[in-house]
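The values are calculated or read from the model by the stated rules, or taken from the named source; none is laboratory data. Source: prediction; values computed, not measured. All Cβ positions, even for glycine, are placed from backbone atoms using ideal geometry, and neighbour counts span all protein chains on display. We work out accessible area using only protein heavy atoms, side chains counted, and drop any ligands, DNA or RNA first. Shrake-Rupley method; radii C 1.70, N 1.55, O 1.52, S 1.80 Å.
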Amino acid sequence: WETVAGETEESIALQAIRRLDDQFDKEEFLAEVRDNLVPRVIKAHLGGDFKVLRDWCGEGVYNKLAADIRTRKNDKLEFNDSILNVDEMEAVFKVNDQDNVPYVIVGYQVQQINCIKKAGEIIEVRPCVPVVSCVREWFTR
(Lines give C-alpha, C1' and ligand atoms only; values in the text may rest on other atoms or scores of the structure.)
Protein backbone atom coordinates (compact mmCIF):
# COMPACT_ATOMS: atom_id res chain seq x y z
CA TRP A 1 0.00 0.00 0.00
CA GLU A 2 2.78 2.44 0.89
CA THR A 3 4.27 2.30 -2.62
CA VAL A 4 0.85 2.80 -4.23
CA ALA A 5 0.23 5.92 -2.14
CA GLY A 6 3.65 7.32 -2.97
CA GLU A 7 7.02 7.32 -1.30
CA THR A 8 6.64 9.35 1.86
CA GLU A 9 9.44 9.65 4.37
CA GLU A 10 7.45 7.47 6.76
CA SER A 11 6.75 4.78 4.15
CA ILE A 12 10.45 4.66 3.22
CA ALA A 13 11.38 4.30 6.91
CA LEU A 14 8.76 1.60 7.49
CA GLN A 15 10.00 -0.34 4.46
CA ALA A 16 13.56 -0.12 5.80
CA ILE A 17 12.42 -1.32 9.23
CA ARG A 18 10.54 -4.24 7.66
CA ARG A 19 13.68 -5.25 5.76
CA LEU A 20 15.38 -5.58 9.17
CA ASP A 21 12.35 -7.17 10.84
CA ASP A 22 9.69 -8.61 8.56
CA GLN A 23 7.40 -9.10 11.58
CA PHE A 24 7.44 -5.39 12.50
CA ASP A 25 3.97 -4.02 13.21
CA LYS A 26 3.72 -0.26 13.60
CA GLU A 27 0.64 -0.34 15.87
CA GLU A 28 2.14 -3.01 18.16
CA PHE A 29 5.37 -1.04 18.32
CA LEU A 30 3.57 2.17 19.27
CA ALA A 31 1.52 0.34 21.94
CA GLU A 32 4.75 -1.09 23.39
CA VAL A 33 6.32 2.38 23.44
CA ARG A 34 3.26 3.91 25.14
CA ASP A 35 2.71 1.12 27.66
CA ASN A 36 6.29 0.20 28.56
CA LEU A 37 9.03 2.40 27.13
CA VAL A 38 7.60 5.83 27.96
CA PRO A 39 6.89 4.92 31.61
CA ARG A 40 10.39 3.39 31.90
CA VAL A 41 12.05 6.54 30.54
CA ILE A 42 9.96 8.89 32.71
CA LYS A 43 10.65 6.82 35.84
CA ALA A 44 14.35 6.76 34.95
CA HIS A 45 14.38 10.54 34.64
CA LEU A 46 12.51 11.08 37.89
CA GLY A 47 14.57 8.43 39.72
CA GLY A 48 17.94 9.45 38.30
CA ASP A 49 18.71 6.25 36.34
CA PHE A 50 21.34 7.42 33.85
CA LYS A 51 21.79 3.96 32.28
CA VAL A 52 18.16 3.61 31.19
CA LEU A 53 18.19 7.15 29.82
CA ARG A 54 21.45 6.55 27.93
CA ASP A 55 20.00 3.36 26.43
CA TRP A 56 16.77 4.94 25.21
CA CYS A 57 17.30 8.65 24.59
CA GLY A 58 19.09 10.50 21.85
CA GLU A 59 22.19 12.45 22.85
CA GLY A 60 20.50 15.86 23.09
CA VAL A 61 17.57 14.59 25.16
CA TYR A 62 19.90 12.49 27.33
CA ASN A 63 22.18 15.47 28.04
CA LYS A 64 19.22 17.65 29.04
CA LEU A 65 17.73 15.00 31.33
CA ALA A 66 21.11 14.09 32.84
CA ALA A 67 21.81 17.75 33.63
CA ASP A 68 18.40 17.99 35.30
CA ILE A 69 19.13 14.89 37.40
CA ARG A 70 22.54 16.22 38.48
CA THR A 71 20.96 19.54 39.49
CA ARG A 72 18.30 17.73 41.54
CA LYS A 73 20.93 15.55 43.22
CA ASN A 74 23.05 18.59 44.07
CA ASP A 75 19.97 20.24 45.57
CA LYS A 76 19.05 16.96 47.35
CA LEU A 77 15.63 16.89 45.68
CA GLU A 78 13.60 13.71 45.09
CA PHE A 79 10.65 13.47 42.72
CA ASN A 80 7.74 11.06 42.99
CA ASP A 81 7.90 8.73 39.98
CA SER A 82 4.19 7.82 39.87
CA ILE A 83 2.78 8.10 36.35
CA LEU A 84 -0.95 8.50 35.93
CA ASN A 85 -1.35 8.56 32.17
CA VAL A 86 0.55 8.64 28.87
CA ASP A 87 -1.36 10.65 26.31
CA GLU A 88 -1.06 12.48 23.00
CA MET A 89 1.73 10.26 21.75
CA GLU A 90 3.03 10.98 18.27
CA ALA A 91 5.67 9.10 16.31
CA VAL A 92 7.65 10.25 13.30
CA PHE A 93 9.41 7.53 11.30
CA LYS A 94 12.53 8.64 9.42
CA VAL A 95 15.67 7.34 7.76
CA ASN A 96 19.10 8.75 8.58
CA ASP A 97 20.45 10.39 5.43
CA GLN A 98 24.05 9.44 6.16
CA ASP A 99 23.73 5.68 6.70
CA ASN A 100 20.12 4.90 5.68
CA VAL A 101 19.31 3.51 9.15
CA PRO A 102 15.62 3.91 10.01
CA TYR A 103 14.63 5.53 13.29
CA VAL A 104 11.58 6.89 15.03
CA ILE A 105 11.16 10.00 17.14
CA VAL A 106 8.39 9.71 19.71
CA GLY A 107 6.79 12.65 21.48
CA TYR A 108 4.28 12.23 24.26
CA GLN A 109 2.58 13.91 27.18
CA VAL A 110 2.59 12.29 30.60
CA GLN A 111 0.51 13.12 33.63
CA GLN A 112 2.36 12.48 36.86
CA ILE A 113 1.99 13.15 40.56
CA ASN A 114 4.06 16.23 41.32
CA CYS A 115 5.46 15.64 44.80
CA ILE A 116 8.94 16.92 45.56
CA LYS A 117 10.92 15.99 48.66
CA LYS A 118 14.08 17.50 50.08
CA ALA A 119 15.97 15.43 52.65
CA GLY A 120 12.89 13.19 52.94
CA GLU A 121 10.51 16.07 53.71
CA ILE A 122 7.76 17.03 51.27
CA ILE A 123 8.40 20.58 50.10
CA GLU A 124 5.97 20.83 47.18
CA VAL A 125 2.80 19.09 46.05
CA ARG A 126 0.78 20.18 43.05
CA PRO A 127 -2.01 18.56 41.07
CA CYS A 128 -1.12 16.33 38.16
CA VAL A 129 1.15 18.06 35.72
CA PRO A 130 1.71 17.25 32.07
CA VAL A 131 5.29 16.51 31.09
CA VAL A 132 6.27 16.48 27.44
CA SER A 133 9.29 14.52 26.35
CA CYS A 134 10.85 12.72 23.44
CA VAL A 135 12.58 9.40 22.85
CA ARG A 136 14.55 8.24 19.85
CA GLU A 137 14.84 4.61 18.78
CA TRP A 138 17.28 3.47 16.09
CA PHE A 139 16.58 0.26 14.23
CA THR A 140 19.77 -1.63 13.57
CA ARG A 141 20.72 -5.19 12.74
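A few comments on the model shown:
- Among residues of the range 10-22 that are in contact (Cβ under 8 Å) with a residue 60 or more places away in the chain, those with a Cβ under 8 angstrom from a residue that is part of a helix (DSSP H, G or I) and surrounded by 12 or more Cβ atoms within 10 Å (Cβ to Cβ), sequence gap 6+ or separate chain, pair up as Leu14/Glu2; Leu14/Lys26.
- Matching residues, the range 100-141, being open to solvent by 40 Å² or more (accessible area, probe 1.4 Å), at pLDDT below 80 and assigned to a loop (DSSP other than H, G, I, E, B): Thr140, Arg141
- Search result, residues across the range 92-108 that are of a type outside the set (S, T, N, Q) and under 17 Å from Leu20 (Cβ atoms): Phe93, Lys94, Val95, Asp99, Val101, Pro102, Tyr103, Val104
- Single residue of the range 41-63 satisfying the filter (open to solvent by less than 40 Å² (accessible area, probe 1.4 Å), out of contact with any Phe, Trp or Tyr (no Cβ under 7 Å at 6 or more places or on another chain) and assigned to a helix (DSSP H, G or I)) that is nearest to Lys76 (Cα to Cα): His45
- Answer residue from the range 64-86, given it is part of a loop (DSSP other than H, G, I, E, B) and open to solvent by less than 80 Å² (accessible area, probe 1.4 Å) and is modelled with the highest pLDDT among those: Asp75
- Qualifying residue in the range 87-99 (condition: in a helix (DSSP H, G or I), surrounded by fewer than 17 Cβ atoms within 10 Å (Cβ to Cβ), free of Cβ contacts under 8 Å to residues at least 40 places away in the same chain and more than 18 Å from the chain's Cα centre (by Cα)): no
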